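What follows is a set of notes on a single structure, which appears directly below.
The values are calculated or read from the model by the stated rules, or taken from the named source; none is laboratory data. Since we're looking at a predicted model, the values are computed, not measured. Here the Cβ positions follow ideal geometry from the backbone for every residue, glycine too, while neighbour counts run over all protein chains shown.
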Amino acid sequence: MEPTQDPRFLQDPYPTLARMRSACPVQALADAKGRTSYLVTGYNEARQALADPRLSKDTSAFFADKPSNRRLHAAVSQSMLASDPPQHTRLRQLVTKAFTTGAVVRMRPFIAQVTDTLLDRWPRGGQVDFVADLAVPLPVIVICELLGVPEHHRLDVQRWSAELFAAGKPEVIDAASHAMADYMTSLIAAKRRHPGDSLLDRLIAARDGDDHLSEEELVSLAVLLLVAGHETTTNFLGNALLALLQNPDELNRLRQRPSDLPTALDELLRFDAPVSTATFRFTTKALTLGAIEIPAGVPVLVALGAANRDPGRFPSPDQLDLDRDTASHLSFGHGIHRCIGAPLAKAEAEIALLAVLSRFPGIRLATPTDQLDWRRTRLVRGLTSLPVCL
């Protein structure tokens, strides 16, 4: 059985990852067809891998001579995430300003307003699904507002994004990639006819101005921002609340000192990373990672969640400790590909969790933790639902 289909691994992957890291923090793995890749589970090795320029993210180069039956849209398969400098540098610079600390500060009133609107619908003393009723809609609404996606299209965007992570269903993933890219192509055309002031409008201006952003790059950036702009935050919110509900002492501390939450977010990110495995990389040259020689031309998978639980970097890593200094966690990656939306994700989590804990001081799990359902994918770690009593 694939690890991502094993209910025990989905519930708690960390004991298995700890055993692998203890045996060797960098291991060669062979799939059913005998193809070799390397899995990185140690913190130091992961940090090195994420910043090593000999590890390329250019998937088009890696798969150029490899036949495939997949029909993933190029806007997804060849995004900024799947590129190297100088192309990556140029594309990243175009969107960096939208996610600076100052830009996020200006968005906080809108985030708070959306949070309050969603929580106003929750029945006091009743039961809700935290994922469906807050963790999913909040970041979807925020990133759609940022990009200028009309409200009546946001449920479609949410569905296509979820389908892009449908592990074991390549036809669903491929179809969703085309649906998302086709929609963004039509939205860009509509915005050209009726320009506005959204981030997408500014990217269109760059495309139509002197920056020479190609049409394919424009669609790809729009799709990437739309998907990455809420998927990580949705998982972060669900994982964070579950961790707090499972650790009542830490939860009570935040109730008593809510001002501690902004600094506690990094420990919550470390404890259960919303992205369990970094996106695809492969070696362009032979290199040594840890003590392991890795040849050129093979994939390297960096297990961010495992690295965050490395006892060599974080003592007693399986304990949630909100006093811990975890600013160096790898949940948002490291190096030139570090998540550009990290400030926005942390702002949304801070505002949402503070609002929930203050409005519903008696919130508790409505389902035993061993019955919670987790998403079946290697890339992200998140709950499909989180029933809570209010």
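Remarks
- Residue list for the range 336-353, restricted to those being modelled with pLDDT of 95 or more and not hydrophobic (A, V, I, L, M, F, W, C): Lys346, Glu348, Glu350
- Tallying residues that are surrounded by 15 or more Cβ atoms within 10 Å (Cβ to Cβ) and at pLDDT below 80 within the range 83-104 yields 1.
- Looking only at the range 354-381, residues that are at pLDDT 90 or above and assigned to a loop (DSSP other than H, G, I, E, B) come to 10 in all.
- In the set (1) out of contact with any Pro (no Cβ under 9 Å at 6 or more places or on another chain); (2) modelled with pLDDT of 90 or more, the condition left unmet by Leu118 is number (1).
- Neighbours by Cβ (under 6 Å, 6+ apart or cross-chain): first from the range 211-237, under 19 Å from Asp272 (Cα atoms); second modelled with pLDDT under 85 and among the hydroxyl-bearing types (Ser, Thr, Tyr): none
- Within the range 321-332, the residues that satisfy the criterion of being surrounded by fewer than 20 Cβ atoms within 10 Å (Cβ to Cβ) and not hydroxyl-bearing (Ser, Thr, Tyr) are Asp321, Asp323, Arg324, Asp325, Ala327.
- Selection from the range 334-361 of residues that are over 27 Å from Arg90 (Cβ atoms) and of a type in the set (A, V, I, L, M, F, W, C): Ala349, Ile351, Ala352, Leu353, Leu354, Ala355, Val356, Leu357, Phe360
- Single residue of Ala349, Ala306 found to be closer than 14 Å to Leu268 by Cα and buried (at least 17 other Cβ atoms within 10 Å of the Cβ): Ala349
- Among (1) small (Gly, Ala, Ser); (2) within 20 Å of the chain's Cα centre (by Cα); (3) under 21 Å from Ser276 (Cβ atoms); (4) at pLDDT 90 or above - the single one Ser56 does not satisfy: (3)
- The residue that is surrounded by the fewest Cβ atoms within 10 Å (Cβ to Cβ), counting only those in the range 363-372 that are closer than 22 Å to Ala162 by Cβ and without any contact (Cβ under 8 Å) to a residue 60 or more places away in the chain, is Gln371.
- Restricting the first member to the range 26-37 and to residues that are farther than 15 Å from Glu293 by Cβ, and the second to residues that are in a strand (DSSP E or B), the beta-carbon pairs closer than 6 Å and six or more apart or on different chains are Leu29/Ser37; Leu29/Leu39; Ala30/Thr36.
- Applying the criterion of at least 3 residues that are small (Gly, Ala, Ser) and over 24 Å from His337 (Cβ atoms) to the helices (runs of 4 or more DSSP H) found wholly in the range 1-90 leaves 14-23.
- Of residues in the range 115-127 being in a helix (DSSP H, G or I) and either in contact (Cβ under 8 Å) with a residue 60 or more places away in the chain or within 16 Å of Lys346 (Cβ to Cβ) (or both), the one nearest to the chain's Cα centre (by Cα): Thr115
- Restricted to the range 141-189, and to residues there that are surrounded by fewer than 16 Cβ atoms within 10 Å (Cβ to Cβ) and either touching a Pro at 6+ places or on another chain (Cβ under 9 Å) or not in a helix (DSSP H, G or I) (or both), the residue that is modelled with the highest pLDDT is Pro150.
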